[in-house]
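K.L.:
Please see the structure below; I have some questions.
The values are calculated or read from the model by the stated rules, or taken from the named source; none is laboratory data. It should be emphasised that the depicted structure is a prediction, and the values quoted were computed from it without experimental measurement. A quick note on method: Cβ atoms are made from the backbone with ideal geometry, for glycine too, and the neighbour counts reach across all protein chains shown. Protein only, heavy atoms only, side chains kept; ligands, DNA and RNA dropped before computing areas. Shrake-Rupley method; radii C 1.70, N 1.55, O 1.52, S 1.80 Å.
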Amino acid sequence: MTPKQPNRDALLQMTRRYFFKVCGYGIGSLALNALMQPKLFAASNNNPLAPKPPHFKPRAKRIIFLFMAGAPSQIDLFDPKPVLQQYHGQPCPEDILKGERFAFIKGTPTLLGSPYKFQKHGQSGIEVSELLPNLAKVVDDLCIIRSMQTDQFNHAPGQIFMNTGHQLPGRPSMGSWLTYGLGTENQDLPGFVVLLSGANRPDGGHACWSSGFLPTVYQGVEFRKQGDPVLYLSNPDGVDPEARRAVIDAVNDLNRLKHEQAGDPEIETRIANYELAYRMQTSLPELMDISKEPEYIHQLYGTTPGKPSFANNCLLARRLVERGVRFVQLYHRGWDHHGSSEGDSIPNALPRLCRDVDQASAALIIDLKQRGLLDDTLVIWGGEFGRTPMNEGRGGSTYLGRDHHPRAFTLWMAGGGVKSGVVYGATDELGYSVTENPVHVHDLHATILHLMGIDHTRLTYWYQGRNFRLTDVFGRVVEGIIG
């Protein structure tokens, strides 16, 4: 019997020449892929939301952003203008209108003084509108920035710009950047939570809390007002926790096999999201049940368990950061007061909106402070831009209202390493332009990241051939507001 001869091709594949030939192709492929997407072959972290070290010692560990969608009027709330009151009803000066572009104002508008009185409060003596009596009581804890500026003067792009640093959808939001850079301290809850209240959803929609081109594990998770706070949180009839665990384990095993083949980091995100969703089934029901809070807390915030409201969301925000959530953002819609009808006029609609948010916003400051959380929790309050010192008068309307104004508006911050009981920046005597210490949205973002221990120029993500960051190629840290 003739012995079986080895396959000639198999022998050739064992030669040194063949080995180097094949190895060369492989190394070239790896190099090309690494150039196209360096993170694809990077050592993977099994938990993308695990806490990560900051660039330097932070002043704040977590953020609550109270976003007043629609743009509240700084002239009626935080930036008193006696000269504007003096010239109320007179035509706006020509030098202001020359070459100016407004969202809705046509022709020559008249100046509009505030119908509300301002009074000094606290040891700082900061003037606050009579519409905000509760915030006036905590004014010594606030850092009020009267010199904010933005590039956008319409709601959707303005809201997206304030949250992502770019006016078009598709960029990661600030909350996504922070959870990408720092992770989160509670692995049973999302690192970035969104709570909604008010007339309707923000004009910018989900783009305001999107993860953009970052892995979707860093996306803001919207908690719903009624029913399950997150869709499909509850198991369907006939499915117990053990069966759900078995399904997740099986799906995750399949995802890991696919990850070994494709190396796609988004598969790891999918695995992490399945695991987080399972843990949330236990953690979320307890978190969302504010009825167990003591009665004095409900009186402080003005909360009513089971009734969706901005007040309930403020209390939930405290409960979330107390449990280690990195970034909580509340959106309260309805601040767009053009005066096109009585329903959106400054005299009628603005007081109602202030009643919605004043007590709970102040209560959040008080509650965080009494729990020892305010020092390392940064609270932010503001909208996407400001309002004009002129009456809009759209279509000849006789109701008082103000148009969109990106040149100058007010935002306040508290806790988290910022100075307290101070006013930073100033506007002219009409409240039209910034005259002292301008703070652009990019500067605000750079400063917020700095307070969280992050150098805004170093927090980057490689996408489409270049590094992106929250502040794009702009931004400076506003040292004047840091305590």
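K.L.:
Please compute the Kirkwood hydrodynamic radius of segment 371-470 from all pairs of different C-alpha atoms, in Å with one decimal.
P.N.:
16.5 Å
K.L.:
Within 10 Å, count the other beta carbons around each residue, average over each peptide in 288-300, 378-390, and list them highest first.
P.N.:
Averaged packing, sorted descending, gives the order 378-390, 288-300.
K.L.:
With charges set only on the Cβ (+1 for Lys and Arg, -1 for Asp and Glu), what does the dipole of segment 361-473 come to about its Cα centre, in debye to the nearest 20?
P.N.:
Around 220 debye, computed over segment 361-473.
K.L.:
Check which residues have an amide H placed less than 5 Å from Leu66's amide H, if you skip close sequence neighbours.
P.N.:
Result for Leu66 returns Leu330, Ile380, Trp381, Gly382.
K.L.:
Using a 1.4 angstrom probe on the protein heavy atoms only, could you order Glu260, Glu342 from most to least accessible area?
P.N.:
Heavy-atom accessible area, descending, gives Glu260, Glu342.
K.L.:
I've got another one for you. Can you give me the C-alpha center-to-center distance between segment 132-208 and segment 393-448, rounded to a whole angstrom?
P.N.:
Rounded to whole Å, the Cα centres lie 15 Å apart.
K.L.:
Just want the answer: with Cβ charges of +1 for Lys and Arg and -1 for Asp and Glu, which residue in Val423, His450, Tyr461 is farthest toward the dipole's positive end in segment 405-464?
P.N.:
Most positive-ward Cα: Tyr461.
K.L.:
Any idea of the accessible area per residue across segment 392-483, 1.4 Å probe, to the nearest Å²?
P.N.:
For segment 392-483, the solvent-accessible area averages 37 Å² per residue.
K.L.:
Right, next: Scan around Thr427 for amide H atoms under 5 Å from its own, H built in the peptide plane at 1.01 Å from N, and keep only partners 5 or more places away or cross-chain.
P.N.:
Thr435
K.L.:
Give me the extension gain from Ser291 to Glu266: residue separation times 0.36 nm, minus the current Cα-Cα distance, reported in nm with one decimal.
P.N.:
Length gained between Ser291 and Glu266: 5.2 nm.
K.L.:
Taking the Cα centre of segment 87-151 as origin, work out the dipole magnitude from +1 charges on Lys and Arg Cβ and -1 charges on Asp and Glu Cβ, in debye rounded to 20.
P.N.:
140 debye
K.L.:
Also: Taking θ as phi - 60°, what are the ³J(HN,Hα) couplings along segment 133-144 by the Karplus curve (6.51, -1.76, 1.60), each to the nearest whole Hz, with x for Gly and Pro?
P.N.:
Coupling constants for segment 133-144: x, 6, 5, 4, 6, 10, 4, 6, 9, 9, 10, 9 Hz.
K.L.:
Let me ask another. Roughly how many Å² of Thr435 are accessible to a 1.4 Å probe, to the nearest 10?
P.N.:
So the heavy atoms of Thr435 present about 90 Å² to solvent.
K.L.:
Please turn the phi angles of segment 99-104 into ³J(HN,Hα) values with the Karplus equation 6.51 cos²θ - 1.76 cosθ + 1.60 (θ = phi - 60°), one per residue in order, whole Hz, x for glycine and proline.
P.N.:
With coefficients 6.51, -1.76 and 1.60, one gets x, 7, 10, 10, 6, 9 Hz.
K.L.:
Label Thr435 and Asp375 with points 7 Å out from Cα along Cα→Cβ: what is the distance between them in nm?
P.N.:
About 3.9 nm, to one decimal.
K.L.:
Going highest first, how would you order 124-136, 192-204, 68-80 by mean Cβ packing within 10 Å?
P.N.:
68-80, 192-204, 124-136
K.L.:
In debye, nearest 20, what is the charge dipole magnitude of segment 378-431 about its Cα centre with +1 on Lys and Arg Cβ and -1 on Asp and Glu Cβ, if you could check?
P.N.:
100 debye
K.L.:
Please give, to one decimal in nm, the separation of the simple spin-label points placed at Ala50 and Thr304, each 7 Å out from Cα toward the Cβ.
P.N.:
Label at Ala50, label at Thr304, 4.7 nm between them.
K.L.:
Apply the Karplus parameterisation 6.51 cos²θ - 1.76 cosθ + 1.60, with θ equal to phi minus 60°, to every residue of segment 166-182 and state each ³J(HN,Hα) to the nearest whole Hz, in sequence, with x for glycine and proline.
P.N.:
These are the phi-based 3J(HN,Hα) values: 8, 7, 9, x, x, 9, x, 7, 4, x, 5, 4, 5, 6, 5, x, 10 Hz.
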